[in-house]
Amino acid sequence: MSALAPRFSPTRILGVVALAVVVLAPTGLILYQSLLDQPFYAVGTHFSLESFGFVMEDPDFWSALRNSLLLGVIMVAVAVPVGAMLAFIMMRTDLPGRSWIEPILLLPLFLSPLVLAFGYIVTIGPVGFISGAVKAYIGFVPWSIYSFLGMALIAGFTHVPHVYLYVASALRRVNPDVEEAARVAGAGMLRTALFVSLPLVRPALVYAAMLIFLLGLEQFGLPLMLGDPSGIGVLTTYLYKLTNILGTPSYNFMAVVAVVILASTLPLVVLQRFVLRNASHYVTLRGKGARDMTMRLGKWRWPALAIILVWLGLTVLVPLAGIMIRSVVSSWGVGVSLIDVLTLQHFRDLASYPNLIEAILNTLGVAVIGGFASVAIYAGVALLAHRWVSGWTVVLDYLVMLPRALPGLVAGLAFLWLFLFVKPIDPLRGTILSIWVAYTVVWLAYGLRLISSALMQIGPELEEAARVAGAGAGRAIRDVTLPLVRTGLIGAWLLIFLIFAREYSTGVYLLGPHSVVIGSMIVQLWSKGALDLIAALCVANVALIFLGLAVAFHFRIRLHD
């Protein structure tokens, strides 16, 4: 056993207990509220299952549950095969322009679903720019993004990068000799992909499928903008509508829906962890001297490139171009020349909108300063388990997983209740600090993974040498470990910046006069039908994301493993 990792460490155990309080308190409050007949602050509240009965008897709840499950299934059916084949083409073939395609391919990961949904509305919606041109040419619009299938297909295609990330990362670690042997034996490229390459990364495919299904259950932005106008509800939008269904906050009913969501997502998170832990049993790892294998596409090089560019156009170019155009035109339609209706009035109106400057500053503050503080916390949590041989690390592992099972909307609601329930921290409610606390907990698993990946690259002999030389545990971490992972910490901060800048659902219930951020303001404007202002605000949000990406590329930060 390493001298760096004592089995009993009071400091580390105290840290695990503190993390348990932060993680379990909001979740426990959800469960507690679901068992009450009224909001927990109401006089005369008592334990009852009446709230479960009310929700379970509501046909809209069962419709929302069915739609959420079906949405997840369709997203898996679309995203997994497309993402897997895309990863194979990018990692194993001589596709032209691979070096510049991949960064663009990952863009949907960092764009807010609200922004993408609005972009699709103004481009391929019933009166969108593209829809109008198609209707003028053939007399009708042959699609509907306000249908369940249209919403599900858009959700599936925009989540392809999630699958690509995990499968491509797994393919990088697979020894290409097995694939080369199949090619030598006469197998074609498609047969090699389907029966050799992808089976070798089956754990990554299974993990990605569960992740996509989980994300389908957590969808809020796309269903809110694309499903709600047609009366298509999912669990998250059903929860959102329960806010004031009886004229007063229906916290007991909302808690029941939150419990149902948690009961649906938590098993998936646990299964993901199981698959991740056992992934090494199913792949053939490449040695240090292994070379990459490049299969020649031949006459299919350019058709393959064209297909990928079409996918990129539909998932990135179309919505972003639509947002840009919509933000600078006063009107559009049949016979309207866009050049004649160009205007910057939407940006002027947005500039005078109440709380706009505060929303932008809050978003920057949470993303820059808050992201830095969150990375420091994630680093502290990662160091708790760093080379620690103890059963407590298992407890820590499961604690970190729990927030991943909470959709942002549910997490924001839980923290709102926590601030109301625990009086000493109630002053935080309605402040930007409440937003930061919720963001930090929701993205705990992601941030910890970033830090842990950097820590795993440090050989234990370096830290042990410092301890042998007389340095204490704290000094070894300060003078050896942290300097060695400095680049990884900077990369983690930039990626957390991008995540916090695009986050929206977590802040919906924590919205206050001085805690508004860009994402929650878009939701607020959508409820008011202020499409002109939304277009301008989406442009500001995209500009902020692209600024973060530019800094990440400048410092050569990898956006994938």
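Listed by first and then second residue, the pairs with beta-carbon distance under 8 Å, at least 6 apart or on different chains, first residue in segment 502-516 and more than 14 Å from residue 360 (Cα to Cα), second assigned to a loop (DSSP other than H, G, I, E, B) and open to solvent by 10 Å² or more (accessible area, probe 1.4 Å), are 510/429; 510/430; 512/429; 512/430; 512/431. If you go through segment 6-50 and keep only what is of a type in the set (Gly, Ala, Ser) and either over 18 Å from residue 260 (Cα atoms) or within 27 Å of the chain's Cα centre (by Cα) (or both), you end up with 9, 15, 18, 20, 25, 28, 34, 42, 44. Look at (1) modelled with pLDDT of 90 or more; (2) open to solvent by 20 Å² or more (accessible area, probe 1.4 Å); (3) within 25 Å of residue 26 (Cβ to Cβ) and you find that residue 393 fails only one, number (1). Could you say whether any residue in segment 186-195 is open to solvent by 30 Å² or more (accessible area, probe 1.4 Å) and on the phi > 0 side of the Ramachandran plot? Yes - at least one qualifying residue is present in segment 186-195. Restricting 428, 399 to residues that are open to solvent by less than 50 Å² (accessible area, probe 1.4 Å) and either free of Cβ contacts under 8 Å to residues at least 40 places away in the same chain or over 15 Å from the mean Cα position of the chain (by Cα) (or both) narrows the list to 399.
Go over the candidates 326, 387, 348, 291 one by one and state the one that is open to solvent by 30 Å² or more (accessible area, probe 1.4 Å), of a type outside the set (A, V, I, L, M, F, W, C) and either modelled with pLDDT of 90 or more or part of a helix (DSSP H, G or I) (or both). On inspection, the qualifying residue turns out to be 348. Picking from residues in segment 505-514 that are closer than 14 Å to residue 437 by Cβ and out of contact with any Leu (no Cβ under 8 Å at 6 or more places or on another chain), the one that is modelled with the lowest pLDDT is 512. Restricting 523, 551 to residues that are open to solvent by less than 60 Å² (accessible area, probe 1.4 Å) and under 23 Å from residue 162 (Cα atoms) narrows the list to 551. Which one of the conditions (1) within 21 Å of residue 148 (Cα to Cα); (2) buried (at least 24 other Cβ atoms within 10 Å of the Cβ) does residue 112 fail to meet, given that it meets all the rest? Here residue 112 clears every test but (2). Select from segment 182-227 the residues that are over 15 Å from the mean Cα position of the chain (by Cα) and not in a helix (DSSP H, G or I) and list them in ascending order. Residues satisfying the conditions are 185, 186, 187, 188, 201. Filtering segment 294-303 to residues that are modelled with pLDDT of 80 or more and either closer than 18 Å to residue 177 by Cβ or not aromatic (Phe, Trp, Tyr) (or both) leaves 296, 297, 298, 299, 301, 303.
Take the residues in segment 329-342 that are in a helix (DSSP H, G or I) and open to solvent by 80 Å² or more (accessible area, probe 1.4 Å); name whichever of them is farthest from residue 159 (Cα to Cα).
It comes out as 340.
Scanning segment 296-320 for residues that are closer than 22 Å to residue 112 by Cβ and either open to solvent by 40 Å² or more (accessible area, probe 1.4 Å) or not aliphatic (A, V, I, L, M) (or both) yields a count of 6. The residues of segment 402-413 that are part of a helix (DSSP H, G or I) and open to solvent by less than 20 Å² (accessible area, probe 1.4 Å), listed by number, are 403, 405, 408, 409, 410, 411, 412, 413.
Residue-level analysis places residue 88 among those that are surrounded by 15 or more Cβ atoms within 10 Å (Cβ to Cβ), modelled with pLDDT under 90 and in a helix (DSSP H, G or I). Every listed requirement among (1) over 30 Å from residue 536 (Cβ atoms); (2) among the small types (Gly, Ala, Ser); (3) surrounded by fewer than 21 Cβ atoms within 10 Å (Cβ to Cβ); (4) under 23 Å from the mean Cα position of the chain (by Cα) is met by residue 63 save one, (4).
Of the residues making up segment 255-266, at least one is among the small types (Gly, Ala, Ser), open to solvent by less than 40 Å² (accessible area, probe 1.4 Å) and either out of contact with any helix residue (DSSP H, G or I) (no Cβ under 7 Å at 6 or more places or on another chain) or over 16 Å from residue 413 (Cα atoms) (or both). For segment 8-50, the tally of residues that are touching a residue at least 24 places away in the same chain (Cβ under 8 Å), in a loop (DSSP other than H, G, I, E, B) and of a type in the set (S, T, N, Q) stands at 2. Looking at 53, 83, just one residue is over 17 Å from residue 151 (Cα atoms), more than 30 Å from the chain's Cα centre (by Cα) and part of a helix (DSSP H, G or I), and that residue is 53.
The values are calculated or read from the model by the stated rules, or taken from the named source; none is laboratory data. Since we're looking at a predicted model, the values are computed, not measured. Cβ atoms come from the backbone with ideal geometry, glycine included; neighbour counts cover every protein chain shown. With ligands, DNA and RNA removed, areas are computed over all heavy atoms of the protein, side chains included. Shrake-Rupley method; radii C 1.70, N 1.55, O 1.52, S 1.80 Å.
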